[in-house]
Amino acid sequence: MTEQPLSQATASVRAGRTRFLMLGLVFINIIINYMDRTNLSVAATEMAGELRFTPMEMGLIFSAFGWIYAALQIPGGFLIDRLGARLVYGVGLFAWSLITALHALANSFGLLFGLRLGVGAFEAPVMPSNNRVISSWFPEQERASAIGIYSSAQFVGLACMTPLLFHVQDAFGWRGLFLITGIAGMIWALVWYLLYREPNQHKGVTEAELNYLRDNGALLESRQSTPQPPARWADLAQMFRSRKLVGIYIGQFTISATFWFFLTWFPTYLVEYRHMDFIKSGYVASVPYFAAFCGVLLAGFASDRMIRRGVSASVARKLPVILGLFLTLFILGANYTDDSRLIILFMSLAFFGNGLATITWVFVTALAPRHLIGLAGGVFNFTGALSSIVVPIAIGALIDGSNFAPALGFIAILAAIGICSYLFIVGKIDHVSAH
């Protein structure tokens, strides 16, 4: 038994590394994806001033992305299972980037709200696509690490891109910010479509790597060679009959709530409610993002290491998530200090915890029927995406003048609910049987 981890590692090296190239493409996709989500939060203060938006109106604009993004998660899951990640991801990336560039023309609440709906519509298949790519290209014992790496892209992208986006807006205004980020995304969409293939279709993958993937649980089925069954309402119903799946849905909503606070209101919190300099706040905001980046990488590699050492999946997969949600509670500390360093410390601890908890996509592969991975991913991300609607609006309603404390309390309450869900609802990790 003690020889097994070594033999697996040796087999991995000898098999080939094409899967890591595919992971690299996904990593850059997510950086582009989150750049096009966070540019609105960077532009918010200047935009709200120019277009005379109230906090509640800004909350609605922040949430507009989530309305259609959440609604299309389940159809997106069906689409991924039938058309594959290459086409769906490529078309979506190009389209949402084009709409991002069109934000430069926004001159009213209605137009901006509509444009955010458009971005949300075409970004809807992103997370199910990511999960499908990793399920296809990575064996089970490497999957949490791969998920940790690609999930870290959203945080390292935010950490590195946020100061840059602040400088771009300072130089070209908020309209120039949207135009530049949109053009960058359209260019990368073409690169993705040219380079990505699934394992059975990639000319660079070796037979040894294909065998390594096949023998260790990767999903190598080809949509071209395997007839796909028609979509059934029974499949969708099955996604909600399992207590385990419902438990991770609740948990994903609570984990995503913290993330959407940082993605939407956090820069405004620093500038308007903590009175930090605009450019300086871009660098200050990057500190919690780096903390989250460290958290998600640590969670992925530590979880896979525990699996290789024989620790049960229930412990190895759930421990980082529960610990991360507990650390998220430290966000409350910012309500009890005016010291900027302590505020950033508490925010960094909370977002580090959010990073630890972000490996939750591993539960989709672990718990869902194998032929419904895309659909399960769509439902899972749908529940997480609901927080992108609820959280921005709730914060906009909760903040009162200079008092942001109720909003941070709201985030902490949701984190506590997430802890309870993983402790008492999810239970033992095993596959949901197919019907």
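The values are calculated or read from the model by the stated rules, or taken from the named source; none is laboratory data. Predicted model, so just to flag it, every value in this text is computed and none were measured. Backbone-built Cβ (ideal geometry, glycine too); neighbour counts: all protein chains shown. Keep in mind that these areas ignore ligands, DNA and RNA; they rest on the heavy atoms of the full protein, side chains included. Shrake-Rupley method; radii C 1.70, N 1.55, O 1.52, S 1.80 Å.
Things worth noting here:
- Evaluating residue 220 against the criteria (1) at pLDDT below 80; (2) open to solvent by 10 Å² or more (accessible area, probe 1.4 Å); (3) in a helix (DSSP H, G or I) leaves one unmet condition, (3).
- Every residue from segment 189-203 that is assigned to a helix (DSSP H, G or I) and buried (at least 18 other Cβ atoms within 10 Å of the Cβ): 189, 192, 199
- Filter result for residue 47 (in contact with a Gly (Cβ under 7 Å, 6 or more places away or on another chain), hydrophobic (A, V, I, L, M, F, W, C), buried (at least 18 other Cβ atoms within 10 Å of the Cβ) and at pLDDT below 90): no
- Within segment 287-311, tally of residues that are surrounded by fewer than 23 Cβ atoms within 10 Å (Cβ to Cβ) and either at pLDDT below 85 or of a type in the set (D, E, K, R) (or both): 6
- Residue match in segment 244-267 (condition: charged (D, E, K, R), part of a helix (DSSP H, G or I), out of contact with any Pro (no Cβ under 8 Å at 6 or more places or on another chain) and within 29 Å of residue 75 (Cβ to Cβ)): yes
- All helices (runs of 4 or more DSSP H) inside segment 298-387 with 1 or more residues being closer than 17 Å to residue 263 by Cα and assigned by the TED database to the domain that holds residue 405: 313-328, 340-356
- Cβ separations smaller than 6 Å between residues 6+ apart or across chains give the following pairs from segment 83-108 residues that are within 17 Å of residue 68 (Cα to Cα) to residues that are outside any helix (DSSP H, G or I) and at pLDDT below 90: 88/125; 92/125.
- Here residue 318 passes the criteria (1) touching a Leu at 6+ places or on another chain (Cβ under 9 Å); (2) open to solvent by less than 10 Å² (accessible area, probe 1.4 Å); (3) under 29 Å from residue 81 (Cβ atoms) except the one numbered (2).
- Scanning segment 273-285 for residues that are open to solvent by 10 Å² or more (accessible area, probe 1.4 Å) and either of a type in the set (A, V, I, L, M, F, W, C) or modelled with pLDDT of 85 or more (or both), we see that the one that is nearest to residue 153 (Cα to Cα) is 284.
- Per the listing 28, 74, 80, the residue uniquely assigned by the TED database to the domain that holds residue 124, open to solvent by 20 Å² or more (accessible area, probe 1.4 Å) and modelled with pLDDT under 90 is 74.
- Within segment 123-176, the set of residues being more than 24 Å from residue 267 (Cβ to Cβ), in a helix (DSSP H, G or I) and either within 12 Å of the chain's Cα centre (by Cα) or modelled with pLDDT of 90 or more (or both) comprises 128, 129, 130, 131, 147, 148, 149, 150.
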